[in-house]
Amino acid sequence: MFNKQKSKLLSKSLIKIKKELTRNVNIKLLPKEEFIIRRIKEQTYSLNKNNITRTNAYLDFYQRHPEIHWAFLGHMVSRNGGWNMTDLKGSILSKLLSKKEATSFFTFLERGNWLIFQDAYPQFLVYEESKMKGQNLFHLLPHLHVSKFMVAVWNQFWQDKDPYKLAIALIVNEQNYLEKRVINNPLFKKDVFGTIEFKLQDILSMNQILFPYVKNKQLCLSGQTLNHFLNLHERILLGKRLYNILFINRNLLALTENWASSHPHSASRKDYWPQIFNDVNEDTPGRFVKTRLKSCQLLPNSPRFYSPKLEYAWKNQEHQDAELGDWYSNWQVIYYLIDSKEHVDGEIKHEYCKTLERLELAAITKKALSFMD
């Protein structure tokens with residue numbers, strides 16, 4: 001995969017990152033720096049209560065520091081995480097999953113969401129502190145259990161201010177961070193990845209990440225579908241595509257930023273599509289179950305899909321401390337930081353509507369088969 005010819009693609013800044021990765025630096029903290037570490041941990045803990053607080057914190061940070069592109073990407077992906085959590089209690093998935101399966105799926109989603117925030121947000125706060133003081137404080141990062149890889153990248157970012165390399169490095173970092181702590185977690189392998197429902201996700205295209213925006217008074221959805229969630233390489237490439245969708249087209253970025261700023265996150269899909277979803281359950285008990293959606297429109301006299309707010313769907317969770325250990329072992333991961341200049345057509349509204357139709361049909365079929373047993 002990596003060879004001498006490919007090494008010629010490395011820019012001067014990437015070569016500097018490679019060199020930085022060979023250094024072993026362990027700087028003893030000053031008392032005032034220990035205070036900064038404690039404050040960062042406290043701030044992170046207070047904002048890591050649930051998907052709503054995390055998602056809002058990412059957006060707040062991005063609005064303070066728009067050069068940190070990953071903060072907005074993280075905000076939008078975290079919105080999707082919240083929608084996935086409430087889907088488990090919504091009109092469709094609640095009919096496809098048992099209560100135990102839904103709880104296992106939520107625990108999996110919540111753990112990943114929590115882990116990424118407690119790793120990424122302290123990095124942001126160290127950057128904010130560095131910016132405020134006008135000095136590089138990234139030697140604090142190892143004391144927050146941040147990967148050696150990110151220490152090298154932040155040091156380079158402090159010099160060249162390249163938002164692309166930093167954003168992609170954060171994608172690489174967070175996906176590797178999850179690989180050990182979530183994807184290879186024996187409990188999730190048994191209760192989530194081993195279930196028929198999880199394997200069906202590839203068939204039903206349930207892993208769609210949506211970026212809503214409004215254009216000409218019409219809802220638009222850009223995004224991508226992840227078909228191989230358990231594959232680390234595929235998740236990183238997906239992250240790069242999602243970044244390109246958001247940040248290559250400046251007009252689309254402005255529209256998505258405007259949407260995010262004007263639509264507070266509740267984790268109900270009503271946030272972006274109130275014509276199709278409602279956070280109040282309109283289904284009538286005992287109603288004859290039939291399809292209600294066709295070509296992104298509700299059929300006449302059909303109730304909207306139930307999509308509850310997070311606060312009514314799931315309680316806040318207590319988490320065990322993140323498992324320690326640095327995922328970084330090979331400098332060649334820096335090849336991910338090379339810009340492929342890939343143009344991505346992110347239009348996904350039609351595909352998402354088809355997914356809803358397939359899921360609803362699956363739920364109706366399951367209910368019909370239960371009557372036959």
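Nothing in this text is a laboratory measurement; each read-out follows from the coordinates by a stated rule. All of these numbers come straight from a predicted model, not from anything done at the bench. Positions of Cβ are backbone-derived with ideal geometry, glycine not excepted, and every protein chain shown enters the neighbour counts.
Miscellaneous remarks
- Mean separation of Cα pairs under 8 Å and 6 or more residues apart, divided by the residue count, gives the chain a relative contact order of 22 percent.
- Taken over the range 37-190, the convex hull of the Cα atoms encloses 113 Å³ per residue.
- Coupling constants for the range 181-193 follow from the phi torsions by the Karplus curve (6.51 cos²θ - 1.76 cosθ + 1.60, θ = phi - 60°), and in residue order they are 8, 10, 4, 9, 6, x, 5, 5, 4, 7, 8, 10, 5 Hz; glycine and proline get x.
- Gln224 long-range amide H proximity, modeled H, under 5 Å: Ile209
- Label point distance in nm, Asn231-Lys354, each placed 7 Å from Cα along Cα→Cβ: 2.0 nm
- Base-10 log of normalised Debye intensity for the range 119-177 (one unit scatterer per alpha-carbon) at q = 0.14, 0.16, 0.18, 0.21 Å⁻¹: -0.32, -0.43, -0.55, -0.75
- Ratio of the Cα radius of gyration of the chain to 2.2 N^0.38 Å, where N counts its residues: 1.04
- Selection from Pro163, Ile52, Asn173 lying farthest towards where the dipole of the chain points positive, charges on Cβ: Pro163
- Stretching the chain fully between Ile27 and Glu323 yields a gain of 104.3 nm (0.36 nm per residue, less the alpha carbon separation).
- Dipole-positive endmost among Leu29, Tyr121, Ile17 within the range 1-124 (Cβ charges, Cα centre): Ile17
- Per-bin percent of Cα-Cα distances, the range 1-116 [10 Å]: 11, 24, 25, 24, 13, 2
- The range 254-363 has equivalent-ellipsoid semi-axes of 36, 22, 16 Å, by the square roots of 5 times the alpha carbon gyration tensor eigenvalues, sorted largest first.
- Across the range 302-307, computed HN-Hα scalar couplings (Karplus, 6.51 cos²θ - 1.76 cosθ + 1.60, θ = phi - 60°) run 8, x, 6, 5, 7, 9 Hz from first to last residue, x flagging Gly and Pro.
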